[in-house]
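Before any comments, here is the structure.
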Amino acid sequence: MASSRRQNRSQKGNLQLTDDELIRRCLDNRHDAYRVLVERYWSMVYSVVRRITNSHDDAVDVTQEAFVRAYEHLSDFTRDSKFSTWLLRVATNYALDQKRRQRARQRLQVHVPVSGYAPPTDEPAISREAESRLSEILRTLTHHQRLCIVLKVVHDMSTSEVAGILGCSEGTVRVHLHQARKTLRDRWDGWRS
């Protein structure tokens, strides 16, 4: 009983810590600190990865693996950028690698249509038609254009943060954003950004 109260106090204390303080604790083998980082950034990482994988199940798998890889390489985090930027870079690199591998496997396999597929019910309850149309248009963008739009518009990140995640210059991010916005404006009347 006393140990569970101590654990609860410890968890509440961890929630108040900055990312850098949590990372220091992780590096000191205090694993409860990493749990806080996972809880803090899970939905953001999942959201970005979901746009790459186009699949809920794949996005969950990639997000989990990205957090594992980030933990394994936490000592490599140099703090030149925010932890969230570094984490998203780890996640997007892994997701893009998985997407490339999946395409290579698909070229070798015979395609069999899956009937009766229904999207998971835990997804947002926006107009299915609007969501479907947006997803269709987003699939026409390049990976980098799609990621730039999602990171900049959905997650409200700065151009420099997006550049850090994608490993490119801010000018390149601006070009991707311009091309993505133009495509969205041309193909979807509802696009306003």
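The values are calculated or read from the model by the stated rules, or taken from the named source; none is laboratory data. Bear in mind the structure is a predicted one, so any value in this text is a computation, not a measurement. Note: ideal-geometry Cβ built from the backbone for every residue, glycine included; neighbour counts use all protein chains shown.
Annotation: of all residues in region 55-109 being outside any helix (DSSP H, G or I) and either of a type outside the set (D, E, K, R) or under 14 Å from the mean Cα position of the chain (by Cα) (or both), the one that is modelled with the highest pLDDT is HIS73. One residue stands out among those in region 158-190 that are without any contact (Cβ under 8 Å) to a residue 40 or more places away in the chain and in a loop (DSSP other than H, G, I, E, B): the one that is nearest to VAL90 (Cα to Cα), which is CYS168.
Within region 30-37, one or more residues are within 30 Å of SER135 (Cβ to Cβ) and part of a helix (DSSP H, G or I). Using the structure shown, decide if ARG181 is touching a helix residue (DSSP H, G or I) at 6+ places or on another chain (Cβ under 8 Å), farther than 19 Å from THR85 by Cβ and at pLDDT 85 or above. Against the criterion (touching a helix residue (DSSP H, G or I) at 6+ places or on another chain (Cβ under 8 Å), farther than 19 Å from THR85 by Cβ and at pLDDT 85 or above), ARG181 qualifies. Given the criteria among the basic types (Lys, Arg), crowded, with 16+ Cβ neighbours inside 10 Å and not in a loop (DSSP other than H, G, I, E, B), does LYS152 qualify? Taking the combined requirement at face value, the residue satisfies it.
Take the conditions outside the structural domain of LEU138 (by TED's automatic domain parsing), under 19 Å from ARG146 (Cβ atoms) and either in a helix (DSSP H, G or I) or within 12 Å of the chain's Cα centre (by Cα) (or both) and apply them to VAL49. Does it pass? Quick ask: steps written out before the conclusion?
On the way: outside the structural domain of LEU138 (by TED's automatic domain parsing): yes; under 19 Å from ARG146 (Cβ atoms): yes; either in a helix (DSSP H, G or I) or within 12 Å of the chain's Cα centre (by Cα) (or both): yes.
It is true that VAL49 is outside the structural domain of LEU138 (by TED's automatic domain parsing), under 19 Å from ARG146 (Cβ atoms) and either in a helix (DSSP H, G or I) or within 12 Å of the chain's Cα centre (by Cα) (or both).
From SER55, SER75, SER43, grab the single residue that is within 16 Å of MET157 (Cα to Cα) and of a type in the set (Gly, Ala, Ser).
SER43
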